[in-house]
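Structure first, commentary second.
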Amino acid sequence: MNAANPIEARKDEAALQLDASGNLRHLLTLKGLDKTLLTDILDDAQQYLTEPGELPARGKSLAGRTVANLFFEASTRTRASFDLAGKRLGADVLNLDVNTSSRKKGESILDTIYTLEAMHVDIMVVRDASAGVPAFIARHVLPHVSILNAGESDVSHPTQGLLDILTMRQHKGAFKDLTVAIVGDIRHSRVAMSTSHALSTLGVGELRLISPPVLAPEPDSVPGARVIDNLKDGLAGADVVMALRIQRERIGNLDGIPGIDEYFANYGISHESMKFARPDAIVMHPGPMNRGIEIEGSLADGPQSVITQQVTNGVAIRMAVLDRVGKTMAAR
Ligand code: CP
């Protein structure tokens, strides 16, 4: 969005995230964040988890700070969990209703951002359907303001990647011993990109990206991953199986995309297809799910599924990220 050369823009974006002391200021992408930082965020998040039925963890590290949720695209999990995470850390949280905001009257995104800055918003959580928007905003905000990417086109969804790897670590331990299979619409999935980049940084044993050829990732978009178009081969011996929905809202021309029955028969994660994976494999899905298309409903609700745990971990990860950028602000 802001540079003639997209590769240079992405490098610049990775560098933009850290301040001069190496502390996290913005979270735009998991690319370029090192293993130590990723592991530290997981460790922090783990401390925000409590048992079901207990009161949720709380803190005061964001007391006096203001977090604004700016979701220019639909969301349930990410928006609700950033809202709860900010409140549980003591922040004032503003959920801007984009559909009734002045953006509908033609106000530019930067004018919206400058307006919120003038109200002393410290952290802006941004979801947008266009690639490059979170980094574009990050380049224009005041030095004390943080931008957190809450889902960017088909490019990046860093907090989802973090909650996914936290869930895997809780169940499976060391990444170097794991075979992870991500199945579905890889090409249009920002979740696949962020989770894959984090797994690569953490030294995952084997990463497989499984899809029909028409939904395969761009060549070399995830270095080291095996791209596979056959579900049986892709799931063979897998420890972790993550299903993804077809991102129809990002596919201009649906020609060549398999119909529901054909897709489920060939790429659906079901009790039957899970027989190819290890017997103790876990089943993941970032949500929202389309039951009966990419995943069998009873499998999603069954004992191998950790899907609701991913949601719980989402609040903890967002608390850990908010707390970390809050500390970076406080250290300025
Ligand atoms: N996984 C995820 O981003 O879900 P939402 O679109 O509901 O936020």
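Couple of notes before you dig in:
- Unique match (being open to solvent by 20 Å² or more (accessible area, probe 1.4 Å), within 16 Å of the ligand (Cβ to nearest atom) and not assigned by TED's automatic domain parsing to the domain that holds I293) among A129, A150: A129
Each row is one residue, and each column tells you yes or no for (1) loosely packed, with under 15 Cβ neighbours inside 10 Å; (2) among the hydrophobic types (A, V, I, L, M, F, W, C).
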position: A216; (1), (2): no, yes
position: R226; (1), (2): yes, no
position: D229; (1), (2): no, no
position: K232; (1), (2): yes, no
position: L244; (1), (2): no, yes
position: R250; (1), (2): yes, no
position: N253; (1), (2): yes, no
position: F264; (1), (2): no, yes
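- The C-beta contact set for the range 71-83 (first residue in a helix (DSSP H, G or I), second residue among the aromatic types (F, W, Y) and more than 6 Å from the ligand (Cβ to nearest atom), distance under 8 angstrom, 6+ apart or interchain) comprises T78/F71; R79/F71.
- For the range 168-203, the set of residues classified as crowded, with 24+ Cβ neighbours inside 10 Å and among the aliphatic types (A, V, I, L, M) consists of M168, V180, A181, I182, V183, I186, V191, A192, M193, A198, L199, listed by residue number.
- Positions within the range 75-121 being of a type in the set (G, A, S), more than 16 Å from the ligand (Cβ to nearest atom) and either farther than 23 Å from S153 by Cα or open to solvent by 60 Å² or more (accessible area, probe 1.4 Å) (or both), in sequence order: G90, A91, G106, A118
- Among the residues of the range 153-202, those identified as in contact with a Gly (Cβ under 9 Å, 6 or more places away or on another chain), within 13 Å of the ligand (Cβ to nearest atom) and not in a helix (DSSP H, G or I) are S153, H157.
- The condition of being in contact with a helix residue (DSSP H, G or I) (Cβ under 9 Å, 6 or more places away or on another chain), at pLDDT below 95 and more than 16 Å from the ligand (Cβ to nearest atom) does not hold for S61.
- Residue match in the range 23-36 (condition: open to solvent by 80 Å² or more (accessible area, probe 1.4 Å), in the same structural domain as A316 (by TED's automatic domain parsing), part of a loop (DSSP other than H, G, I, E, B) and without any contact (Cβ under 8 Å) to a residue 40 or more places away in the chain): no
The values are calculated or read from the model by the stated rules, or taken from the named source; none is laboratory data. Computed from a predicted structure; not experimentally measured. All Cβ positions, even for glycine, are placed from backbone atoms using ideal geometry, and neighbour counts span all protein chains on display. Heavy atoms of the whole protein, side chains included, go into the accessibility calculation; ligands, DNA and RNA do not. Shrake-Rupley method; radii C 1.70, N 1.55, O 1.52, S 1.80 Å.
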